[in-house]
Structure formats: structure tokens, C-alpha cells
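The values are calculated or read from the model by the stated rules, or taken from the named source; none is laboratory data. On a predicted model such as this, the values are computed, not experimentally measured, just so you know. Note that each Cβ is placed from the backbone with ideal geometry, even for glycine, and that neighbours are counted across all protein chains shown. Remember, those area values only see protein heavy atoms, side chains included, never the ligands or the DNA or RNA. Shrake-Rupley method; radii C 1.70, N 1.55, O 1.52, S 1.80 Å.
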Amino acid sequence: MEMMKKQSLLFFALLVSLLYSTTTLAQLSPASAPLKPATPVPTTPASSPKPLVPSLPESPSDSTAPDTAAVDIVGILRKAKSFNVLIRLMKTTQLINQLNSQLLTIKTGGLTILAPDDSAFSELKAGFLNSLSDGQKLELLQFHVISDYVSSSNFDTLTNPVRTLAGARPGKVELNVISYGSSVNISTGEVNTTITGIIYTDKHLAIYKVGKVLLPMDFFAVAKAPAKAPSSAPEPSAEAPKADKEKPSSDDSSDSSQISSTSMKSSSVKITTCGKWVSLVLGVALMTVVST
């Protein structure tokens, strides 16, 4: 009986010492650090299509571009510099008012302006702009505005001839755009040039710099038209031979008068001769009678 009590006490002592050692170890061991969440691997965004034309330093990004309704086309061109002649023509022809009103009311599509700088205008023939009427100046500027929005990477989607604000008249007001590689070529039938940079772009308006002033063939057709005027000049010369034809008739009349006068002279000579012979015969007869 005492042996069982001793064994129970020994077992209880071992159990207490085991619990004490476990608690002490739990207090001494540092708390395990929480697991760090897995770091997500950043995904590379898909690259946007590369523009066909280079961007100028003045070109804003699409994210910072203001709303089209608040766009100041003249202000944009002034900021880009070297577009003073284009700005002056836009104001004098009042094209700027037409463009601003279209941008304010536009809901889909937009406008694309092909802007030649001052050096491009300086390459024109001296006095060319001054020789144009106000209507021709307006048509010239309208020929530089495509009546739709064209992004820098969508020129290859255009259908030739491209319609401008000046209309689409094949052979007169015709704009053809061809994009290949990293360049965009523009042809009017009289001028060939390329787009050299982006001045401005947003969702409804794009302004591109072009190397030359785009001259429509219509201007040159009007300039060559007066060459047809000499066709009416030969009319006086056609009547001139009539005077020459009348001269022979006067000559014929003079000849006939000469002939008639000659015939009259010859007849008078014959009468005179006959009279002499009659007088001679009568004289001889008279002398014969007297002598007998």
C-alpha cells in the first residue's frame, strides 16, 4: 500500500516538473515572425502602336491634352513657333472661326490640320499669295484641313483621294496620302511633300507639320485658262482676203474700160479713113467733069 502511494507521488512530481519545463520554454522562445505575403510580379503593359511620324517638343501627351472644346488652335500654333504666316491667313480668311465652331459642335470624328511653317511659305513664288483672291486664299487653307480625325498611326487607313474642307474634285482639288515605313507622303498633283512632325493631338483634333504648302491643281488650271483667248484672233484675218478678192474686180473693170476706149478709138479711126476716101473719090469725079 505504501509502495503504491510512493509511486503515485513520484508520478505526480514528474508530471509537475514536465509542465513547468514546457511553460518556461514557451516563455523563453521568441514569437515566430509572421509570414510575408508574396510580392506580386509587375506585368508589363502592352506597348501602344508606334507613330508613323516623329513628335515635336511641343506635342502634349494624350493624358495631359485638354478638352477639345477648350482648344485654342492659334495658341497651339504660336506655341509651336514658325507658323506666323499660317496664323495670319487663318484670321484674314476667317477659317479659324469655322474650325472652332466645328470643334465645339463635333461629337464623333474630328479634324486634321496639315500645317506648313513659315519656311514652307517662303519657298512659294514671289507674290504668289498676293495674286490670289480672298476666295482662293480660303480654298488654299481649307485644302490643308482633312474633314476627319486621323491619328499618327492611322494614315494607312485613308482612302485616296482624301476629302478636305475644300471638297473632293478629282483633277482640281485632290489630296492623296501614302504611308510606308515610318513616313507619310502627301501629293496634290503639283506638290509632293511629307509630314515632318506632330504639333498637337487629342481625341478630336490633330495638327501635323508638313514640309511644303499644298497647292491644288485647280489654281494652275485657272492660270492657264487665258491661253485659249487667241483662238478668236484669226477672225479678222479670215475677212482680210475678201478685200483682196475685190481688187481683181476693179482691175477687170479698168481693163474693160481700157478695152472699150481702145475699140472706140479704132472705130473713130476707121470713120475718119472712110471719110477721106469718099472726099478723094468725089474730088477726082468733080475734076473729070470740069475737064470735059
Figure the gain on full extension for Thr108 and Thr194 (residue separation times 0.36 nm, minus the Cα-Cα span) and round it to one decimal in nm.
-> 28.3 nm
Estimated inter-spin distance, Asn100 and Leu124, nm [label 7 Å along Cα→Cβ] | 2.3
Going by average Cβ neighbours within 10 Å, how do the peptides 108-119, 74-85 rank, with the highest at the top?
-> 108-119, 74-85
Taking Cα centroids, how far is segment 74-93 from segment 162-212 in Å?
-> 18
What is the set of long-range amide H partners of Phe143 at a cut-off below 5 Å, with H atoms built 1.01 Å from backbone N?
-> Ala166
Heavy atoms only, probe 1.4 Å: what % of the accessible area of segment 87-149 goes to carbon and sulfur, would you let me know?
-> 49
Lys203 to Gln136: FRET efficiency via 1/(1 + (r/R0)^6), r the Cβ-Cβ distance, R0 45 Å, to the nearest 0.05?
-> 0.85
Residues with amide H under 5 Å of Thr196's amide H, sequence separation 5 or more or different chain, H placed in the peptide plane at 1.01 Å from N; which?
-> Lys209, Val210, Gly211
Quick one: which residues, 5+ away or cross-chain, put their amide H under 5 Å from the amide H of Val191? H built at 1.01 Å from N.
-> Leu215
